[in-house]
Amino acid sequence: MTGFQVTLSVVIVAGVVLTAFIALEHITGRRKERHSWFRFARGLIVSILIAQMAAVGLGLYRAHPRVLFLFLTLLYLISPLEYIRNYMFLHPGRAIPAYLRLPLLPAVPLFFLELWIYTKPLDAQRALAGAFFGDPLNHPMIWVFLGCLLVTVLYMVMLLWMQIAALRENAAGAPLRFSIALTVITLVSVALSCVYIVDRDGDFMLMGAAGISLTVILYFLFKNRFPDFFQLLAAGMKSNRYRKALAKGLDHRAIHERLLDLMRDERLYTDMDLRLNDVAARLLIRPHQLSQILNEQGKTDFRNYVNRFRIDEAKRLLADTPDRSVISICFEVGFNSKTSFNITFRKMTGLSPRAYREKAAR
């Protein structure tokens, strides 16, 4: 191995390990989210794919063709999964819609094709891998490979377009610029990997794998250094999308969804002095319009709507932090008096805060 290949390999190993570590975080943390297993699977796929690209670049497939098992399947899957990940980022807790799941179906025949290849004798697998990666342009499988690459590029371009459109609206500038940089690095990495098809120089595949690894390393550093960084990114993109929807007309459903985002992500309900006028201003609508939407979409008024979020958060804190005083939780979730907190809590749960805590501790 040359010094250049050694350097790339170090970056690749770091990327593979970090990707697997981040994937494991999703299923081993104290608080698991609805899509934790999806995020774990997606991270594991990225980790395996980076390692397989390195195996191609270093020529390991010649002696060990089985290291490339599911290479085409994973290559096809990675971008649709990334797009789904972006959707979950913008819509936490929501079900993944069918139009995002359907593009995953072509991976099924790819899986069975690679499974069929895997069942062949090892010498036959070596011959197949050597024939394809030795002269990909003259191999019939090149069309499958190019199709997978095309899907990857199309999805990445779509993501980049969304990010640039949001940046033009000055939505969360710094987070979006960072996200755009990661997407551009990924696209360049894919382009470098494609050069291998024509040039058959393994260094190009290694550079592609190292580039994707670099995005993982940068993501890891920013995620730990700035824990709210990606929340700001999501908030910016949501704000941009909401403004576009509002420009087309007063969409009650879009406004209600944006209100949910503000409550969940920015926790507006923790403001003791929160008023209908303040929230309406954030939503770029008039107060009476917000009251109408809450009545239509949520069958409630502003006060009860906000208090529902406050009580839900209080329930979580009472159960998760048994050593905290009830009064401190009362003020943290947005109530300005213990009396109003106790009355509202009992009204919505049928229990006093202390009784609820005792029940949760059993």
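Throughout, read-outs are computed from the coordinates displayed, never taken from laboratory work. Model, not experiment: these values are computed from the prediction. Here the Cβ positions follow ideal geometry from the backbone for every residue, glycine too, while neighbour counts run over all protein chains shown.
What to note about this one:
- Förster-model FRET efficiency, 45 Å R0, ARG101 and VAL10, C-beta, rounded to 0.05: 0.75
- Compared with the dominant principal axis of the Cα atoms in the chain, helix 202-225 is inclined by about 20°.
- Helical content of the chain, expressed as a calculated mean residue ellipticity at 222 nm, amounts to -25000 deg cm²/dmol (DSSP H runs of 4 or more residues, -39,500 (n - 2.57) each, divided by residue number, nearest 500).
- C-alpha long axis of helix 36-57 to longest principal axis of the chain, angle in °: 20 degrees
- With K and R counted +1 and D and E -1, the other residues having a Cβ less than 13 Å from that of ALA280 yield a net charge of +3.
- Each of HIS288, HIS256 was scored by other Cβ atoms within 10 Å of its Cβ. Arranged with the fewest first, they read HIS288, HIS256.
- Relative contact order of the range 39-150, defined on C-alpha pairs under 8 angstrom at six or more residues apart (%): 34 percent
- The value given for the range 265-329 is a Kirkwood hydrodynamic radius of 13.1 Å, derived from the mean inverse Cα-Cα separation.
- Given charges at beta-carbon only (K, R positive; D, E negative), |dipole| of the chain in Debye: 1480 debye
- Ranked list, fewest to most other Cβ atoms within 10 Å of each Cβ, for MET1, MET156: MET1, MET156
- Anchor LYS347: aspartates and glutamates whose Cα lies under 16 Å away (excluding residues fewer than 8 positions away in-chain): ASP301, ASP312, GLU313
- Angle between the chain longest axis and helix 107-118 axis [Cα atoms, degrees, rounded to 10]: 40 degrees
- Net length available on complete extension from ALA63 to PHE111 is 15.1 nm, with 0.36 nm assigned per residue and the Cα-Cα distance removed.
- Contact order relative to length of the range 249-361, as percent, for alpha carbon pairs under 8 angstrom and 6 or more apart: 24 percent
- Local net charge near ASN295, Cβ-Cβ under 15 Å (Lys/Arg +1, Asp/Glu -1): +3
- Which of ALA95, PHE71, VAL6, positive extreme of dipole for the range 3-233 (C-beta unit charges): ALA95
- Over 33 Å [Cα-Cα, the chain], rounded percent: 43 percent
- Residue order, fewest to most surrounding Cβ atoms within 10 angstrom, among SER337, SER213: SER337, SER213
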